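The values are calculated or read from the model by the stated rules, or taken from the named source; none is laboratory data. Since the structure is predicted, the reported quantities are computational estimates derived from the model, not experimental observations. Cβ atoms come from the backbone with ideal geometry, glycine included; neighbour counts cover every protein chain shown.
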Amino acid sequence: MPVQIGAKSHHFTEPLGLLSDCHRRIEMFMRSLSAIAQLQGQLLNQEGRQALENALRYFREAAPKHTADEEQSLFPRLRALDSEESEQAFSKLEELEQDHQWAESLHAEVDRLGTTYLNNDTLSEPDAAQFRENVEALAAMYQRHIKVEDESLFPLATRILSETDKLTIAKEMAARRKQSIG
């Protein structure tokens, strides 16, 4: 993965910052997919092949862990809080979970078509159009989804979750990746 000059990288001890860092990776890999989709199924050069392989692998292996971090670790803890601020988040949580479910099938189709692209070096016109349509739909969803999380939900969670909750979330995130936080 390229180095991002000036970008802050968080550790598991800062789980909400780490979730936001994941968003930067999602955006980076979505830009790669978007650029490849604009090729309309034309022959991939080595750089395009590598970018497509990396993006598909990220969304197949790492992105589901990010979704689990949110749905299994963060969202339940926000729901368990009884405060005015947490009440505001509940409607957003349902919408965000629906985004995750909706995106799952699109990612499966992007992975299928992307793998076909890699195996055949090109895509047929109908497959290229479907690939582009699915990538564009995902990109639009992620833009809205990430904005809600980065600008509203994560700052709220930073303020209202206890240090104990944040540490527990951090441990769960690390465990999903078979790492330790310390």
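In the stretch 15-67, which residue that is hydroxyl-bearing (Ser, Thr, Tyr) and either in contact with a Leu (Cβ under 9 Å, 6 or more places away or on another chain) or touching a residue at least 40 places away in the same chain (Cβ under 8 Å) (or both) is farthest from LYS171 (Cα to Cα)?
SER34
So which residues in the stretch 132-182 are modelled with pLDDT under 95, β-branched (Val, Ile, Thr) and within 18 Å of the chain's Cα centre (by Cα)?
Across the stretch 132-182, the qualifying residue is only VAL148.
Tell me, please, whether a residue that is free of Cβ contacts under 8 Å to residues at least 40 places away in the same chain, within 17 Å of ALA55 (Cα to Cα) and of a type outside the set (Asp, Glu) can be found in the stretch 114-129.
Yes - at least one qualifying residue is present in the stretch 114-129.
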